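Colleague: Handing you a structure now.
The values are calculated or read from the model by the stated rules, or taken from the named source; none is laboratory data. Source: prediction; values computed, not measured. Note that each Cβ is placed from the backbone with ideal geometry, even for glycine, and that neighbours are counted across all protein chains shown.
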Ligand SMILES: [Cu+2]
């Protein structure tokens, strides 16, 4: 057993860095257990897209080790910070406590120190794809851009169904990097940070254009995560529509087909691909998307947000012959509760004061202040939040602890719970939130991580 396998153990589950996985069911009837994992953030030379690069990793792996658990389990994560700078962990999308040693983004782990996070996952927690990454204010973009990200899968009834369990499943963690010829990460300048840093090297699980097998006469399940600091992915798979079964941390009510997927930073998608073409290869393309709009034109020396002639190839799917396994996708998955219309409505305006007069990256005109509560809500209450973006750039909004539903404004109105929503430039999106189970303080922010670091973040306090 190598050191990595030895270090990473979980209650009944060995965690290993394989990205092909099966929705395992052996623990479906077992009692909730404690899932233990040891994570160490450290600077490491790794092979990135076939070349050496000096990155930040969890346990030397890119992305970090996959952690699997079920609703009702407790995650116990012994985290060691072996970086030469302060960091911490956020458990993106999990509905767990934002206080104590749980998903508490106010915690800081100094260089050389150890902190044990303990996250009891409610028995009612949805199954889905979540992820962990640093949330150290001011350093989030830099630390994530150097590689710090890992997947947490919560398994549930859907995964336990024999057809789903027997479907090949691939995790695809999308990260982009800007690496110099000496293998060091290039740090962006001020205007690149203002736009949100993007690296020209697009990777899936640390590889450039990996080959992914596609089962002929069967389904292939893809679990996609955008772990990039700023880059949007607009994905199309040649010759194959996607069957979307889940967004962010849960299943949709009714699976639906889409020709393209838009994945903004922080978002996850759970999709199935029907393999019924002749044997061959098909490219997963990243199509142009303009997230900066009019602003980009005023900035020199940048290709960000501009249309390019040739789309990037993110991965290449290659058919493998397999016994027929094209089961009928159910019309209905989990019913999504419709939240009743609330009495409380609030407005959150994204602001970008870019000039000499300052202003910075703000929500409702204010820069993030860790000592200030911006929004006070009641435990158990339902609220509508209007996210207003009159700036010239798209902002993906994320809130910790509680997922929300989209009411109107960006076209994504199929019933689903989400924890990231794109608020396009010049538009407003209304979301409906319920502050369930946990009192305390949590954060909401733009998930373009440079914008978050520059101040586009606020604190909500849930009163018991
Ligand atoms: Cu933003």
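Colleague: Restricting attention to segment 45-96, which residues are within 19 Å of residue 208 (Cα to Cα) and more than 20 Å from the chain's Cα centre (by Cα)?
Modeller: 45, 46, 47, 48, 49, 50, 51, 52, 53, 54, 60
Colleague: Looking at the structure I just gave you, is residue 360 modelled with pLDDT under 95, in contact with a helix residue (DSSP H, G or I) (Cβ under 7 Å, 6 or more places away or on another chain) and within 12 Å of the ligand (Cβ to nearest atom)?
Modeller: Spelling it out, it is not the case that residue 360 is modelled with pLDDT under 95, in contact with a helix residue (DSSP H, G or I) (Cβ under 7 Å, 6 or more places away or on another chain) and within 12 Å of the ligand (Cβ to nearest atom).
Colleague: Output the number of residues of segment 372-415 satisfying the condition of being within 16 Å of the ligand (Cβ to nearest atom), buried (at least 19 other Cβ atoms within 10 Å of the Cβ) and part of a loop (DSSP other than H, G, I, E, B).
Modeller: The qualifying residues number 3.
Colleague: I'd like to verify a number: residues in segment 254-271 that are over 12 Å from residue 235 (Cβ atoms), surrounded by fewer than 21 Cβ atoms within 10 Å (Cβ to Cβ) and in contact (Cβ under 8 Å) with a residue 40 or more places away in the chain, how many?
Modeller: Residues that pass the stated criteria total 3.
Colleague: Condition first: exposed (fewer than 14 other Cβ atoms within 10 Å of the Cβ) and farther than 30 Å from residue 203 by Cβ. Now tell me which residues in segment 315-338 satisfy that.
Modeller: Once the filter is applied, which keeps residues that are exposed (fewer than 14 other Cβ atoms within 10 Å of the Cβ) and farther than 30 Å from residue 203 by Cβ, segment 315-338 yields 323, 324, 328, 330, 331, 332, 335, 337, 338.
Colleague: From 283, 274, which residue is over 26 Å from residue 165 (Cβ atoms) and at pLDDT 90 or above?
Modeller: Within the list 283, 274, the selection yields 283.
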